[in-house]
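The values are calculated or read from the model by the stated rules, or taken from the named source; none is laboratory data. As the structure is a prediction and not an experimental result, all values here were calculated from the model. Glycine gets a Cβ as well: all are built from the backbone with ideal geometry, and neighbour counts include every protein chain shown.
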Amino acid sequence: MAINRSSDHESDENTRLYHPYQNYQVPIKSQYLYKLPTSPEFLFTEESLKQRRSWGENLTFYTGTGYLAGSVAGASAGIFSGIKSFENGDTTKLKINRILNSSGQAGRTWGNRVGIVGLIYAGIESGVVAVTDKDDVWTSVVAGLGTGAVFRAARGVRSAAVAGAFGGIAAGAVVAGKQVFKRYAHI
Amino acid sequence: MGTPESSREPCPDRILDDVGGAFAMGAVGGSAYHLIRGIYNSPGGARLSGGVQALRMSGPRSGGSFSVWGGLYSTFDCALVYARQKEDPWNSILSGAATGGFLSLRQGLGASARSALVGGVLLAMIEGVGIMLNKVQSTAHNEQFMEDHAATSLPYGMGQISGQSVPVPETSSSSSGSVSWFGSLFKKKKETEDHHSESRTHILESFDAPPVPTYEFK
């Protein structure tokens, strides 16, 4: 399908698939200005399954989401642990410093940890898709399994196996949950 | 000109993109660096394990510091785009300075000012190189553009999209190819002021829906 589409796209400019950034360099060529695409982005669902993010976008998306989520969660947990560590007789400056120190440290730690998990996951998923040329639940499960195993590899085989199983189950659950959500909750 | 930059993601998404890209770059590059350094610095017999340990300790950390820079930088960039309603090199320079200053705010005002200066100069250098590369490319691009334009443009060139700045098919765009770099830099600046009412939109498009094109003839 992919090969077919690319040749179609090359030959027929009027019925190309919708792509918002196509031909949109800053000096917009006037010949492209009003040649708006007439076909919908995806006609069949198989098409939308087939066309996925490129590996670079995949990498930045998972890593960025992981890092941001991890550091926000860590920083907000650190605020509470900083407040808990107040002692009697602390001045306001000391209190602010306690909060800043603990939230900064927790945010940094968790951001790095979850960001690395996202990086490994994106790499393995792109690799699996490139090898098997399929993208379904099992891709995510394999990627989650590999991510857990790599992330805990230094703690020994047993720990890596447990973490891999956990990662595979978690990734599969997320994908399955997303499909259930899509089917039953219409947004 | 006043057009929003379309070679990158539109603005709020750019933050996520930059955070992820910077983290990936920093983590991969830092891992390679610390692996080699660890192998070199470990005693014989434990070289590989020492290298891997150094990688595990320092790889994520360098990724984190890269992504803090990238994320803050593009957050400031987007804030400046929204505040100033235009995208130009000054945004990058100012947000580089703001990032540098913000990151060392806890070391005191002096240290903050110093690292803001470093950040601004760094980003100014990067922007300068980018502008030069752009000039070199656009001189080649412009000639081709004018050829295409002469061949096909008349029926299309009549309409104007309201609210979106379109490169006006005027002859002055071709003259920038023949002037020197610095000359065209200054010339361009004056030109944008002339076309202010046309090329400056009320709210930048990256913050709301794209304008609906009208097919009215002028």
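A few notes on this one:
- Checklist (1) closer than 25 Å to A:Leu68 by Cβ; (2) within 14 Å of chain A (Cβ to nearest Cβ); (3) touching a Leu at 6+ places or on another chain (Cβ under 7 Å) applied to B:Pro60, failing item: (3)
- Qualifying residue in region A:117-127 (condition: more than 13 Å from every other protein chain (Cβ to nearest Cβ), in a helix (DSSP H, G or I) and touching a residue at least 12 places away in the same chain (Cβ under 8 Å)): yes
- Restricting attention to region B:24-77, the residues that are small (Gly, Ala, Ser) and not in a helix (DSSP H, G or I) total 4.
- Any pair with Cβ under 7 angstrom, 6 or more apart, that starts in region A:61-75 at a residue that is within 7 Å of chain B (Cβ to nearest Cβ) and closer than 15 Å to B:Phe66 by Cα and ends at one that is of a type in the set (D, E, K, R) and part of a helix (DSSP H, G or I): A:Gly64/B:Asp17
- Scanning region A:139-156 for residues that are over 9 Å from A:Ala171 (Cα atoms) and surrounded by 15 or more Cβ atoms within 10 Å (Cβ to Cβ) yields A:Thr139, A:Gly146, A:Thr147, A:Gly148, A:Ala149, A:Val150, A:Phe151, A:Arg152, A:Ala153.
- Residues in region A:41-60 that are in a loop (DSSP other than H, G, I, E, B), surrounded by 13 or more Cβ atoms within 10 Å (Cβ to Cβ) and either modelled with pLDDT of 90 or more or within 14 Å of chain B (Cβ to nearest Cβ) (or both): 1 in all.
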